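Below is one structure, written out as structure tokens; the observations come after it.
The values are calculated or read from the model by the stated rules, or taken from the named source; none is laboratory data. Small disclaimer: the values here were computed from a predicted structure and weren't measured. Cβ placement follows ideal geometry from the backbone for every residue including glycine, while neighbour counts extend to all protein chains displayed. Keep in mind that these areas ignore ligands, DNA and RNA; they rest on the heavy atoms of the full protein, side chains included. Shrake-Rupley method; radii C 1.70, N 1.55, O 1.52, S 1.80 Å.
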Amino acid sequence: MRYLTLLLALMLSSQLFAQQPVLISVTEASDSPQISRHIYGHFAEHLGRCIYEGLYVGEENKTIPNTEGVRNDIIEALKELNIPNLRWPGGCFADTYHWKDGVGPKDERPTIVNRWWGGTTEDNSFGTHNFLNLCEVLGAEPYLSANVGSGTVQELIDWVQYTNHDGVSPMADWRRENGREAPWKVKYWGVGNETWGCGGNMTAEYYADIYRQYATFMPGWSGETEIYRIASGASEDDYHWTETLMKNVPYHLMEAVALHDYAVFDWSDKGPSVNFDDEIYFKSMEQALKMEEYVTKHIEIMDKYDPESKVALFVDEWGGWYDAEPEVKNGVLYQQNTIRDVMIAGTVLNTFNNHARRVKMANLAQMVNVLQAVILTDKEKMIKTPTYHVMHMYKVHQDAQLLPSKIEGNMEFRELPSISVSASRDKTGKVHISLVNIDPENEIPVELDVAGLDIKNIDGQILTSDKLQDHNSFDAPEKVTPKEFKGAKLKKGSISLAIPAHSLIVLQGK
């Protein structure tokens, strides 16, 4: 009898302990950084059905409404996200792409074999003008990824002149002959891509020297356009790469260093995009949450050589990467997008927000029909993925002031922290708090201390679904969409709520 009584007491104690809320404090700090809107950037590579049969259907297409060959429904969807920048043409493709092949009369352009992605032949009908004009329509800054692996310094000099020079010069004159009078004034330039791998299999030391050479010839033309030169950076935890660049490249030649990280736990067997089990979900989240460690440690190295934060960290490729859907024609890296991707996007974006002092740009990979895309297409059909809705909910953080947050007593999903948070105050004074619960089964109570933020009213949105594998399809495009969240209670400077399993919430206080 005493044993049963003790057992019941222990069970009751365990239940009471499990019900204790996670405590989160959100405070104001005069020295907190602004969250750059460029953290919410995107990436479009010539890969599978991202450009051709995705974003771009061609000027001659009479079935799908388009502007200069770019789908109007995609343009409108991207405008709703307020996308701040778009990176193009790669990725690995960038270091085999020669930009001059993609300008001038289309019937005179040479074809290119996409040796990296599927071996398909492309006709170069989508080129510099299409991309930069699209960015203008979207109100997004273009980010051009230059060819270092198989290109030349002169080729890059010419591209900068073609896009940016407003006076008389061979490249500016050629631009005008091709129908564009005013320069686009491109600010962001990547000097190669993944030069440790598909961009040339270089050592860090060798690339640092190559980078210095290219960067020397890339200042703005006549002071008209400020240029940000972005060094091809490390993959995941290659801290030696970052240290080599910071040590060997002078500040006046480098405005940013890149970092790439995908939520991949096994490159030889990445697992399915939809029919994954609990173990695969755990491994995916384990890898996604390593972004916090990677960003923190790369920043520590950058701080050692650059304590004034003159050089920014750009995480210009990130996202979930799974095995491609085999039934999709020309579907290289085509994958579905589920609640798991909501968890990845929410936690990673919280990390970027919280490291806004140094992280000034990030680019989700990729925009349409590839990897963790925000949009999927099938001929005339188009759908917004769950990740699209995350980016839409989180756009409130763009150019807002970071509000430092601290979590105490975080619950664990196995050994992973269940709750992730970031917060900001926008220019109108509204406070936004983004919360993610990655636990696939358990609702978690949370108590937010916001006593110093002068919040009088609270509302919010929630993004979740019954199962982790739930997704939007062409037959059910609205299965996963944001809903109003009424579960947050504000009382005496404290917000209490329970975050359902595998869900993302954005609260607004005013």
**Message:** Nearest 5 percent is fine: what portion of the DSSP beta bridges confined to region 277-423 is antiparallel?
**Reply:** 55 percent
**Asked** So how far apart, in nm, are the two label points at Glu447 and Lys304 if each is 7 Å from Cα heading toward Cβ?
**Response** 4.1 nm
**Highest to lowest packing among 81-90, 156-165, scored as the average C-beta count within 10 Å** = 81-90, 156-165
**Request:** In nm, give the distance between the simple-model label positions of Thr216 and Glu108, each being 7 Å from the Cα along the Cα-to-Cβ direction.
**Result:** 3.4 nm
**Apportionment of accessible area to carbon and sulfur, region 85-157, percent (1.4 Å)** = 51 percent
**Asked** Can you give the net charge of the other residues whose Cβ lies under 14 Å from the Cβ of Glu478, counting K and R as +1 and D and E as -1?
**Response** +2
**Prompt:** Based on the mean of other beta carbon atoms within 10 Å per residue, what is the order of 456-464, 311-319, most packed first?
**Reply:** 311-319, 456-464
**Rounded to 5, percent antiparallel among DSSP beta bridges of the chain** = 55 percent
**Request:** Would you please give the FRET efficiency between Lys467 and Ser169, computed as 1/(1 + (r/R0)^6) with r the Cβ-Cβ distance and R0 = 60 Å, to the nearest 0.05?
**Result:** 0.55
**Complete:** Contour minus Cα-Cα span, Gln34 to Glu226, at 0.36 nm per residue, comes to 67.1 nm
**Item:** Whole-percent pair-distance distribution, where bins are 10 Å wide, for the alpha carbons of region 173-254
**Value:** 17, 42, 25, 14, 3
**Item:** Stokes-Einstein D (µm²/s) once Rh is taken as the Kirkwood radius of region 447-510 over alpha-carbon pairs, at 25 °C in 0.890 mPa s
**Value:** 186 µm²/s
**Request:** Starting from the Cα-Cα distance between Lys427 and Lys486, subtract it from 0.36 nm times their residue separation and give me the gain in nm to one decimal.
**Result:** 18.8 nm
**Complete:** Expected unfolding gain across Asp399-Arg414 under the 0.36 nm per residue rule, minus the alpha-carbon gap, is 1.9 nm
**Asked** For the chain, what is the charge dipole size about the Cα centre, in debye to the nearest 20, if Lys and Arg each add +1 at the Cβ and Asp and Glu each add -1 at the Cβ?
**Response** 1340 debye
**Asked** By per-residue mean of other Cβ atoms within 10 Å, what is the highest-first order of 178-189, 125-136, 108-119, 361-372?
**Response** 361-372, 125-136, 178-189, 108-119
**Message:** Within region 465-480, list the residues whose amide N lies under 18 Å from a label point set 7 Å along Cα→Cβ of Val328.
**Reply:** 469-480
**Message:** Please report, in whole Å³, the volume per residue of the convex hull around the C-alpha atoms of the chain.
**Reply:** 165 Å³
**Message:** What FRET efficiency comes out for Thr152 versus His252 if R0 is 30 angstrom and r is the Cβ-Cβ distance? Round to the nearest 0.05.
**Reply:** 0.85
**Message:** Within region 179-244, what whole-number % of the accessible surface is contributed by carbon and sulfur, with the 1.4 Å probe and all protein chains included in the calculation?
**Reply:** 47 percent
**Complete:** Gyration tensor on Cα atoms of region 365-438, a ≥ b ≥ c root eigenvalues, a/c under 1.5 rounded, else prolate if a/b beats b/c, else oblate, says oblate
**Asked** What Cys residues in the chain are without a partner cysteine, judged by a Cβ distance under 4.7 Å?
**Response** Cys50, Cys135
**Item:** Average accessible area per residue (Å²) across the chain - probe 1.4 Å, nucleic acids and ligands excluded
**Value:** 41 Å²
